[in-house]
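Novice: Before I ask anything, here is the structure I am working with.
The values are calculated or read from the model by the stated rules, or taken from the named source; none is laboratory data. This is a predicted model, so every value here is computed, not measured. Methodologically, a virtual Cβ is constructed for each residue, glycine included, from the backbone with ideal geometry; neighbour enumeration extends over all protein chains shown. Surface accessibility is based on the protein's heavy atoms, side chains included, excluding ligands, DNA and RNA. Shrake-Rupley method; radii C 1.70, N 1.55, O 1.52, S 1.80 Å.
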Amino acid sequence: NEKFIESNIDYEEPIDGGESYFDPIIGVTNHIKKPPIKIVLRIYDKAKFDKIDTNPPHHSYHVVDKKESFVDVSFYVKENRELFNFLKENIDEVEVLSPNTVRGKIKNILNKSISRY
C-alpha cells in the first residue's frame, strides 16, 4: 500500500553502446557518484583460483601474474556491499593487494571478527 516513486535511473543496456548501470559493479548496488577502482587480489589456493577463474566476479577480470604458489588477478569495479561480500566469501585463500583503502577495510572486518573469538 505504499506510494510508487518514479526513478530516473536507466537500468537497461544502452542501445548505442556505452556503459550500462551494471557495468562498473559486482551485484546490483551502484553508488552512482563513486568511480570504479582497480582491485588486485592474490589467490593462494589453486582450487579457489579455478573456482573464481571459471566464474569471474566481473567482466573486467583478468589474470595479472601466475606463479607456482599464487595467482594475481585484477578487475575494475566500484566499492559496494557485493564486492565486500565476494571478498569475505573467499577471504581464507584471497588477499587484497590493492587499493590500500579496500585492504584496510577488509583488515578491520577481520580484526573485528578475531576479537570475538
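Novice: Which of (1) within 19 Å of Asp45 (Cα to Cα); (2) in contact with a strand residue (DSSP E or B) (Cβ under 8 Å, 6 or more places away or on another chain); (3) among the basic types (Lys, Arg) is the odd one out, the single condition Lys88 does not satisfy?
Specialist: Failing condition for Lys88: (2).
Novice: Here's a follow-up. How about the stretch 59-85: which of its residues are part of a loop (DSSP other than H, G, I, E, B) and either open to solvent by less than 50 Å² (accessible area, probe 1.4 Å) or touching a residue at least 40 places away in the same chain (Cβ under 8 Å) (or both)? Don't jump to the end; show me each part of the working.
Specialist: We begin by selecting, within the stretch 59-85, every residue part of a loop (DSSP other than H, G, I, E, B); these are 59-61, 67-70, 78-80.
Those that are part of a loop (DSSP other than H, G, I, E, B) and either open to solvent by less than 50 Å² (accessible area, probe 1.4 Å) or touching a residue at least 40 places away in the same chain (Cβ under 8 Å) (or both): Ser60, Tyr61, Phe70, Lys78, Glu79, Asn80.
Novice: Related question: It is to be established whether one or more residues within the stretch 77-90 are under 11 Å from the mean Cα position of the chain (by Cα), more than 18 Å from Leu110 (Cα to Cα) and not small (Gly, Ala, Ser).
Specialist: Yes, some residue in the stretch 77-90 is under 11 Å from the mean Cα position of the chain (by Cα), more than 18 Å from Leu110 (Cα to Cα) and not small (Gly, Ala, Ser).
Novice: Inside the stretch 1-58, can you point out the residues that are modelled with pLDDT of 85 or more, in a loop (DSSP other than H, G, I, E, B) and open to solvent by less than 60 Å² (accessible area, probe 1.4 Å)?
Specialist: Asp23, Pro24, Ile25, Ile26, Gly27, Thr29, Asn30, Asp45, Pro56, Pro57, His58
Novice: Being polar (S, T, N, Q), exposed (fewer than 12 other Cβ atoms within 10 Å of the Cβ) and either farther than 22 Å from Lys51 by Cβ or modelled with pLDDT of 95 or more (or both): is that true of Ser98 here?
Specialist: Numbers: polar (S, T, N, Q): yes; exposed (fewer than 12 other Cβ atoms within 10 Å of the Cβ): no; either farther than 22 Å from Lys51 by Cβ or modelled with pLDDT of 95 or more (or both): yes.
When the stated conditions are applied, Ser98 does not pass them.
Novice: Now for a different question. Only one of (1) aliphatic (A, V, I, L, M); (2) in a loop (DSSP other than H, G, I, E, B); (3) open to solvent by 30 Å² or more (accessible area, probe 1.4 Å) is not met by Leu110, so which one is it?
Specialist: (2)
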